[in-house]
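Data block below; observations after.
The values are calculated or read from the model by the stated rules, or taken from the named source; none is laboratory data. Being a predicted model, the structure only gives us computed values, none of them experimental. For neighbour counting, all protein chains shown are included, and Cβ atoms are generated from backbone atoms with ideal geometry for every residue, glycine included.
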Amino acid sequence: MPLSERERKVLQQLERELFIQDPDLARQLESGVPVRGPVQPRIRDVLTVAVGVLLILLAIPLQAFPFALAGILLAGHGILAHRTYKNASSSRLL
């Protein structure tokens with residue numbers, strides 16, 4: 001069933017607005033090929049947490065409070081960065 005002239009104009013307006021607001025999503029939808037999100041932020045966050053935990057473990061035998069504090073801050077940052085990335089990527093799907 002063909003679209004009416006009014007429906008075509010509304011659809012074209014929606015397409016223009018989508019290209020203005022989110023050009024990456026518009027290109028992805030236009031191509032029809034789903035694109036997965038970048039892996040780098042996930043890897044970076046996991047490595048940040050791992051280095052933080054290693055600093056905490058290193059601080060125990062050395063009894064070095066600055067290492068422990070740096071490890072806690074680094075691990076916390078990695079966890080929060082991953083949560084932020086995860087929430088941002090899931091909100092893009094809605």
Exercise. Determine, yes or no, whether I20 is loosely packed, with under 10 Cβ neighbours inside 10 Å and among the β-branched types (V, I, T).
Key: yes
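To keep it simple, each residue is scored yes or no on (1) modelled with pLDDT of 90 or more; (2) basic (K, R); (3) under 16 Å from the mean Cα position of the chain (by Cα); (4) exposed (fewer than 12 other Cβ atoms within 10 Å of the Cβ).
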site	(1), (2), (3), (4)
R36	no, yes, yes, yes
R42	no, yes, yes, no
T48	no, no, yes, no
L55	yes, no, no, no
L69	yes, no, no, no
L74	yes, no, no, no
I79	no, no, yes, no
H82	no, no, yes, no
